[in-house]
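The values are calculated or read from the model by the stated rules, or taken from the named source; none is laboratory data. Computed from a prediction, not measured in an experiment: that's the story for all the values here. Reconstructed Cβ throughout: ideal geometry from the backbone, glycine too, with neighbour counts over all protein chains shown.
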Amino acid sequence: MNKLRAAVIGAGYFGRLHALKLAANPDVDLVAIADVDTPRAEAVARETGCRAVRNFRDLIGSIDIASVAVPTESHHALARPMIDAGVHVLVEKPIAKTLEQADDLVRLAAARGTLVAVGHQERFNPAFVALRAKPSRALFIEAERLTEFRGRGTDVDIVLDLMIHDLDLILTLVGAEPVQVSACGFSVLTDALDIANARLEFASGCVANVSASRVSQSPVRKLRVFQADSYVSADLQGARLRSVCRSTTAASGVAVEEQSFESADALGAGIAAFVNAVRARRSPPVDGEAGRRALKLALEIGDLVRARLERLFPTGSASAA
């Protein structure tokens with residue numbers, strides 16, 4: 001098969017990373033980088049050996065796939081024309097700013113026969129891949145995602161910025177949406193939510209506790225799954241997996257297994273999966289529907305947090321997000 005002609009829309013931090021991964025993919029010919037900031041686009045274009053354009057619409061008709069790596073508020077406006085023109089699109093997470101926008105992209109893609117993938121790259125973290133491969137019926141899931149304040153991604157709150165990664169992982173593991181959700185959170189260094197916690201209850205009896213913060217002192221990305229006779233802890237930051245289960249042969253009564261994964265490249269793996277899906281004309285592992293489910297839950301959690309804050313700190317209080 002011929003190489004897929006690709007473009008990246010957005011030459012910021014994530015756009016540059018997408019461009020580097022696409023340029024290195026043997027099944028892809030990176031054609032262009034599009035950004036209204038011409039000097040920034042030209043810098044990435046020089047680094048990846050393609051051309052820079054200011055208007056992404058100029059690329060329609062000359063590309064097969066596109067990565068949309070711009071602020072969330074522009075995802076719908078930039079992805080929609082591409083999808084409408086038959087270009088297969090990988091949209092950074094979250095898929096869109098609103099559920100209505102997400103629904104529009106999913107419906108349009110189905111009508112045009114176009115593939116949409118969403119950049120929930122933790123799905124391709126080797127520690128999570130190994131965890132998911134283990135047979136399990138989760139009773140309790142604990143997810144913790146903490147970062148130092150970087151100033152990047154603050155166009156959205158902590159739920160849409162970071163927690164949504166773990167919401168997608170939990171929905172994937174449980175295979176269902178929660179029947180009950182409760183949440184709390186606060187703003188600290190921005191006007192949006194900077195720290196949040198949610199409790200998710202599922203019809204199966206599984207309960208998940210999810211915490212996210214972008215005002216912590218050191219990064220943590222951990223996912224723990226507990227079941228009747230074992231638990232598995234995935235260090236997504238260090239790409240390590242630790243499993244502990246009951247054992248009738250071990251002197252301690254438990255058996256411990258540890259795995260480490262070198263050269264973890266979740267972004268590269270996610271982009272490769274999207275490229276392979278387009279070439280095979282099959283649904284990508286994280287499709288538009290999956291992105292919509294994660295967005296729906298994230299928006300619900302954000303609404304619950306803000307409603308709680310409004311009760312605690314009526315409008316006008318400096319403590320309300």
Within segment 238-271, the count of residues that are in a loop (DSSP other than H, G, I, E, B) and at pLDDT 90 or above comes to 4
Scan of segment 150-189 for residues that are of a type in the set (A, V, I, L, M, F, W, C), assigned to a helix (DSSP H, G or I) and free of Cβ contacts under 8 Å to residues at least 60 places away in the same chain, ordered by number: I158, L162, L169, I170, L173, V174
Search segment 248-263 for residues that are over 19 Å from D229 (Cα atoms) and in contact (Cβ under 8 Å) with a residue 12 or more places away in the chain and pair each with any residue that is outside any strand (DSSP E or B) and of a type in the set (A, V, I, L, M, F, W, C) when their beta-carbon atoms are under 7 Å apart and the residues are at least 6 apart or on different chains. Q259/A130; S260/A239; F261/A127; F261/A239
Can you pull out every residue in segment 61-73 that is surrounded by fewer than 20 Cβ atoms within 10 Å (Cβ to Cβ) and within 26 Å of the chain's Cα centre (by Cα)? D64, P71, E73
From R40, R46, R54, which residue is basic (K, R) and in contact with a Ser or Thr (Cβ under 9 Å, 6 or more places away or on another chain)? R54
Out of A294, A234, sole residue that is aliphatic (A, V, I, L, M), within 30 Å of L108 (Cα to Cα), modelled with pLDDT of 95 or more and outside any loop (DSSP other than H, G, I, E, B): A294
Within the bounds of segment 79-88, is there any residue that is closer than 30 Å to D229 by Cβ, crowded, with 23+ Cβ neighbours inside 10 Å and under 23 Å from the mean Cα position of the chain (by Cα)? no
Number of the condition not met by E122 [criteria: (1) charged (D, E, K, R); (2) closer than 15 Å to L299 by Cβ; (3) in contact with a Phe, Trp or Tyr (Cβ under 7 Å, 6 or more places away or on another chain)]: (2)
Residues R152, R112, R145, R123: which one is modelled with pLDDT under 95 and basic (K, R)? R152
Does segment 29-37 include one or more residues that are surrounded by fewer than 22 Cβ atoms within 10 Å (Cβ to Cβ) and closer than 21 Å to A102 by Cα? no
Leading residue by the ranking (farthest from the chain's Cα centre (by Cα)) among those in segment 297-307 that are of a type outside the set (A, V, I, L, M) and modelled with pLDDT of 95 or more: D303
Only one of these conditions is not met by A192: (1) under 20 Å from E300 (Cβ atoms); (2) out of contact with any Ser or Thr (no Cβ under 8 Å at 6 or more places or on another chain); (3) assigned to a loop (DSSP other than H, G, I, E, B). Which number is it? (2)
Single match in L167, L171, L193, L200 (criterion: among the aliphatic types (A, V, I, L, M), touching a helix residue (DSSP H, G or I) at 6+ places or on another chain (Cβ under 8 Å) and at pLDDT below 95): L193
Looking at segment 130-142 only, could you name the residues that are assigned to a loop (DSSP other than H, G, I, E, B) and modelled with pLDDT of 90 or more? A138, L139
Note: among V225, V179, just one is within 20 Å of K134 (Cβ to Cβ) and more than 19 Å from the chain's Cα centre (by Cα), namely V225
Suppose we keep only residues that are within 23 Å of F202 (Cβ to Cβ) and among the polar types (S, T, N, Q) within segment 155-191. Which one would you say is surrounded by the fewest Cβ atoms within 10 Å (Cβ to Cβ)? Q180
